[in-house]
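The values are calculated or read from the model by the stated rules, or taken from the named source; none is laboratory data. Quantities reported herein were computed from a predicted structural model and do not represent experimental measurements. We place every Cβ from the backbone using ideal geometry, glycine too, and count neighbours over all the protein chains shown. Ligands, DNA and RNA are stripped out before the accessible areas are found, and what is left, the full protein with its side chains, is counted by its heavy atoms. Shrake-Rupley method; radii C 1.70, N 1.55, O 1.52, S 1.80 Å.
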Amino acid sequence: MADFRRCVEAAGLTLVREPLHCLQVNVGYRCNLACSLCHVEGGPQRTEVMSAAVMDDVLDFAARAGVAEIDITGGAPEMNPNLWDFIVRCRQIPSVERVLVRTNLTIWDEPDYADMPEFFAANGVELIASLPSCREESVDQQRGTGVHRRSIAMLQKLNVLGYGHPESPLKLHLVYNPQGHYLPRPQGELEAEYQEQLNKEYGIVFNSLFTITNMPVGRFRTHLEQEGLLADYLELLNANMNLHNLPQVMCRTTLSINWEGKVYDCDFNQMLTLSGANGSTYIGDLDATQLAGQMVATGDHCFACVAGSGSSCQGSLV
């Protein structure tokens, strides 16, 4: 298996940070689902939840750094009781243009979270919703029995609220990831299929589809190891390495914050506790002006970001 950094350097390239654009904030690993491919290994039994005090420091840093986007993820981020206040305060930061929340949709089917869609709409939150397939059996196999049906019902509710319509400011994006150890098909091709199928069968509309390559991290890596497929999958990623994707990888302009407030180059490095130039620096102690030019911490999972059409938390790169 080739070393990612050596491959980059052999091509005469570097992977360093540029000016910070986005904070991706993981507000906790608690989740109502325990999906088979989850790189976070979220689930109902996880107890890690970002405190209000850490959120205060994240918001202070976002204001000092002048970030344009705050991307909120989990687990199911809705299960953090401080999320409501956090989102309202994100909206009060002058530089912040977009507030995004990554949702599994089904959490809103539970009584304690039923009014979250209305709250998101009222605060202009952009939603990124997981739907790894249009087919019920595929979704339920990966995410749990009944998840497809519940997801469809919530997407229909979002459409009623105004999400996903071309003329609406309320943006709704769906996320596709492969069912196994292969690369996703072209994003545009899959998006057209999703648009046609979901509209024809359920009357659902959405703005765009993000295709994300499965990272050999967390539960997916464990599955690959158990099936004796890890080496083959890593070789697939290596063989499809496309360095034209390198200028667009998210770690250049995004900073990942874990539930404790520790800083990482990306969400996947966070799960691997792979620290970069900042070590395990706490967000409240970080100087944003020193980020640009720092080397990004890398590992064999990084091949997934540049394989084929590339992969980021906002879809393919080229």
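Points worth noting:
- Test set (1) in contact with a helix residue (DSSP H, G or I) (Cβ under 7 Å, 6 or more places away or on another chain); (2) modelled with pLDDT of 95 or more; (3) open to solvent by 20 Å² or more (accessible area, probe 1.4 Å) - HIS181 fails condition number: (2)
- A single member of GLU126, GLU137 is buried (at least 16 other Cβ atoms within 10 Å of the Cβ) and either of a type outside the set (S, T, N, Q) or closer than 30 Å to VAL96 by Cα (or both), and it is GLU126.
- Pairing each residue of segment 211-239 that is under 23 Å from HIS173 (Cβ atoms) and small (Gly, Ala, Ser) with any residue that is open to solvent by less than 20 Å² (accessible area, probe 1.4 Å) and assigned to a loop (DSSP other than H, G, I, E, B), provided the two are 6+ apart or on different chains, yields C-beta distances under 8 Å for GLY218/VAL40.
- Residue that is most open to solvent (accessible area, probe 1.4 Å), among those in segment 153-178 that are within 15 Å of GLU136 (Cα to Cα) and part of a helix (DSSP H, G or I): ALA153
- Counting only residues that are in contact (Cβ under 8 Å) with a residue 24 or more places away in the chain and among the hydroxyl-bearing types (Ser, Thr, Tyr), segment 265-318 holds 6 of them.
- Only residues that are open to solvent by 40 Å² or more (accessible area, probe 1.4 Å) and more than 23 Å from ASP85 (Cα to Cα) were counted in segment 28-43, giving 4.
- Of all residues making up segment 239-250, the number that are surrounded by fewer than 17 Cβ atoms within 10 Å (Cβ to Cβ) and part of a helix (DSSP H, G or I): 5
Residue by residue, here is whether (1) over 30 Å from ASP56 (Cα atoms); (2) touching a His at 6+ places or on another chain (Cβ under 6 Å) holds:
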position	(1), (2)
VAL263	no, no
MET271	no, yes
ALA288	no, no
GLN294	no, no
THR298	no, no
HIS301	yes, no
VAL306	yes, no
SER311	yes, no
SER316	yes, no
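- Among the residues examined, LEU33 does not qualify as in contact with a helix residue (DSSP H, G or I) (Cβ under 8 Å, 6 or more places away or on another chain), assigned to a loop (DSSP other than H, G, I, E, B) and modelled with pLDDT of 95 or more.
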